[in-house]
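The values are calculated or read from the model by the stated rules, or taken from the named source; none is laboratory data. What you are looking at is a predicted structure, and each value in this text was computed from that prediction instead of being measured. Cβ: placed from backbone, ideal geometry, glycine included. Neighbour counts: every protein chain shown.
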There are 2 protein chains.
Amino acid sequence: MARKKRGLLIVVSGPAGVGKGTVDAALMAKHPEIKMSVSATTRAPRPGEVEGVHYFFRTKEEFDRMIEENAFLEYMHVFGMNYYGTPKAFVESERDKGNHVILEIDVQGALKVKEACPDAVMVFIAPPSLKILKDRLVGRGTETQESIDVRTAAALEELKQLPKYDYMVVNDVVDEAVAEMESILCAELVRTSRNTELITKLTGGETI
Amino acid sequence: MARKKRGLLIVVSGPAGVGKGTVDAALMAKHPEIKMSVSATTRAPRPGEVEGVHYFFRTKEEFDRMIEENAFLEYMHVFGMNYYGTPKAFVESERDKGNHVILEIDVQGALKVKEACPDAVMVFIAPPSLKILKDRLVGRGTETQESIDVRTAAALEELKQLPKYDYMVVNDVVDEAVAEMESILCAELVRTSRNTELITKLTGGETI
């Protein structure tokens, strides 16, 4: 991850239980230049939650104003529930510093982000098989049979959206999944489409 | 470079003196599953050249028949000169075995290959600057001033074609260039578009 330039926005989706959080945390532990996007929400902070770290806590009025100001990459509001959204400002300022931003988000939100930000890198973290995903959910020991069935059915629907993503990382062995994420970032940084300034410099701005 | 499946075709271009051969050789030394494409030619073998290793040596009649049989990914024939071409059979059989094939070729040939083989990965190896490329050519000590000027002018024309490639690897430090090539290969292997079978298996072929 050499050359200093605008950082990447990496959108990461994947079914519950696939280990997105584990992979992303391991990746960030190795690369301090990778940051996790911080969401805004209208829900109240829980004990220990820190403003700007876990969430940006906003009132409903503040959130509505941000929507009007087009300050979100995407947001979600189910009637009668709390709002959640991805503020543009955090993502943009980190990318401008040359940092990469990971945005963990469901498929629906991911597709909205891709529309708002066509240069986002879309990564889907997939289980080796649906059977293994189900076994992992069972292994947690915290899910009811009904919840496992609901999550497995939801996972199948999400997996069907996989072709809309650029890359699929199968989380079988975490270290291998992390290495694949690193390769994706490195390869995306050397895409010609992300190096137009360098190309211009090579072909024009120089005397031979 | 985990999962065993159809290998990649990596088209590598770059100006004379940029160090394509050095980067590719270092990459292949680390990864025996990467093979160099072998060209066919009508020119006579030079001492030490081995059939099927350095070239496939063919008569003009054999070459013409291969053209008729659509047996080339691309070929070039300048009137009165020898023919050169990239036989499909070698590339296909290696890719079917799960090996990756590197094809070092000029920009014109590269674009023909991309047309014949849209899933080819297009990599341009660029110098850090035109000045450095020129210095390297001078440093060889084997080029006349005229030849250096011709090559530098040709390099500038080739660099202008850079946006037609998927990736640009700047060959400043060879090991870094090799690492970038490795990342490109790894990332391309986890592209969703190259994993349709796996996606079908995940979403359909299984019982939950």
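Against the test of being within 9 Å of another protein chain (Cβ to nearest Cβ) and more than 30 Å from A:Ala155 (Cα to Cα), the options B:Lys114, B:Lys131 yield a single qualifying residue, B:Lys131. Among the residues of region B:186-195, write down those that are among the aliphatic types (A, V, I, L, M) and either crowded, with 23+ Cβ neighbours inside 10 Å or within 7 Å of chain A (Cβ to nearest Cβ) (or both). Residues satisfying the conditions are B:Ala187, B:Val190. Taken over region A:114-161, the criterion of being assigned to a loop (DSSP other than H, G, I, E, B), in contact with a helix residue (DSSP H, G or I) (Cβ under 6 Å, 6 or more places away or on another chain) and surrounded by 15 or more Cβ atoms within 10 Å (Cβ to Cβ) is satisfied by A:Ala120, A:Pro127, A:Glu143, A:Gln161. Within region B:76-104, the residues that satisfy the criterion of being without any contact (Cβ under 8 Å) to a residue 12 or more places away in the chain and either touching a helix residue (DSSP H, G or I) at 6+ places or on another chain (Cβ under 8 Å) or more than 17 Å from B:Thr42 (Cβ to Cβ) (or both) are B:Glu92, B:Ser93.
Does any residue of region A:201-208 turn out to be surrounded by 13 or more Cβ atoms within 10 Å (Cβ to Cβ), in a loop (DSSP other than H, G, I, E, B) and facing another protein chain (nearest Cβ under 9 Å)? Don't jump to the end; show me each part of the working.
Taking region A:201-208 first, the residues surrounded by 13 or more Cβ atoms within 10 Å (Cβ to Cβ) are A:201-203.
Subsequent filtering for residues that are in a loop (DSSP other than H, G, I, E, B) retains none.
For region A:201-208, residues surrounded by 13 or more Cβ atoms within 10 Å (Cβ to Cβ), in a loop (DSSP other than H, G, I, E, B) and facing another protein chain (nearest Cβ under 9 Å): absent.
Conditions (1) touching a Phe, Trp or Tyr at 6+ places or on another chain (Cβ under 9 Å); (2) at pLDDT 95 or above; (3) surrounded by fewer than 18 Cβ atoms within 10 Å (Cβ to Cβ); (4) basic (Lys, Arg), marked per residue:
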residue: B:Met28; (1), (2), (3), (4): no, yes, yes, no
residue: B:His31; (1), (2), (3), (4): no, yes, yes, no
residue: B:Thr42; (1), (2), (3), (4): yes, yes, no, no
residue: B:Phe63; (1), (2), (3), (4): yes, yes, no, no
residue: B:Leu73; (1), (2), (3), (4): no, yes, no, no
residue: B:Met81; (1), (2), (3), (4): no, no, yes, no
residue: B:Gly85; (1), (2), (3), (4): yes, yes, no, no
residue: B:Arg95; (1), (2), (3), (4): no, yes, no, yes
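Has region A:173-188 got any residue that is touching a strand residue (DSSP E or B) at 6+ places or on another chain (Cβ under 7 Å) and not in a helix (DSSP H, G or I)? No: region A:173-188 contains no residue that is touching a strand residue (DSSP E or B) at 6+ places or on another chain (Cβ under 7 Å) and not in a helix (DSSP H, G or I). Among what's in region B:162-185 and is more than 7 Å from chain A (Cβ to nearest Cβ) and within 14 Å of B:Pro127 (Cβ to Cβ), pick the residue that is surrounded by the fewest Cβ atoms within 10 Å (Cβ to Cβ). That would be B:Val173. Restricting attention to region B:51-67, the residues being under 20 Å from the mean Cα position of the chain (by Cα) and assigned to a loop (DSSP other than H, G, I, E, B) number 3. When B:Arg95, B:Arg136, B:Arg151 are checked against the criterion of being within 13 Å of chain A (Cβ to nearest Cβ) and of a type outside the set (A, V, I, L, M), a single residue qualifies: B:Arg151.
When residues in region B:86-113 are screened for being assigned to a helix (DSSP H, G or I) and touching a Lys or Arg at 6+ places or on another chain (Cβ under 7 Å), 4 of them pass. Screening A:Val150 against (1) closer than 13 Å to A:Val18 by Cβ; (2) out of contact with any strand residue (DSSP E or B) (no Cβ under 7 Å at 6 or more places or on another chain); (3) not hydroxyl-bearing (Ser, Thr, Tyr) leaves a single unmet condition, (1).
Do you know which residues across region A:1-22 are within 13 Å of chain B (Cβ to nearest Cβ), over 30 Å from A:Gly80 (Cα atoms) and β-branched (Val, Ile, Thr)? The answer is A:Ile10, and nothing else. A single entry from A:Glu146, A:Glu158 fulfils the requirement of being more than 29 Å from B:Ala179 (Cβ to Cβ), more than 10 Å from chain B (Cβ to nearest Cβ) and not aliphatic (A, V, I, L, M): A:Glu146. B:Gly21 meets the conditions (1) in contact (Cβ under 8 Å) with a residue 12 or more places away in the chain; (2) under 21 Å from B:Glu115 (Cα atoms); (3) not in a loop (DSSP other than H, G, I, E, B) in every case but one. The failed one is (2).
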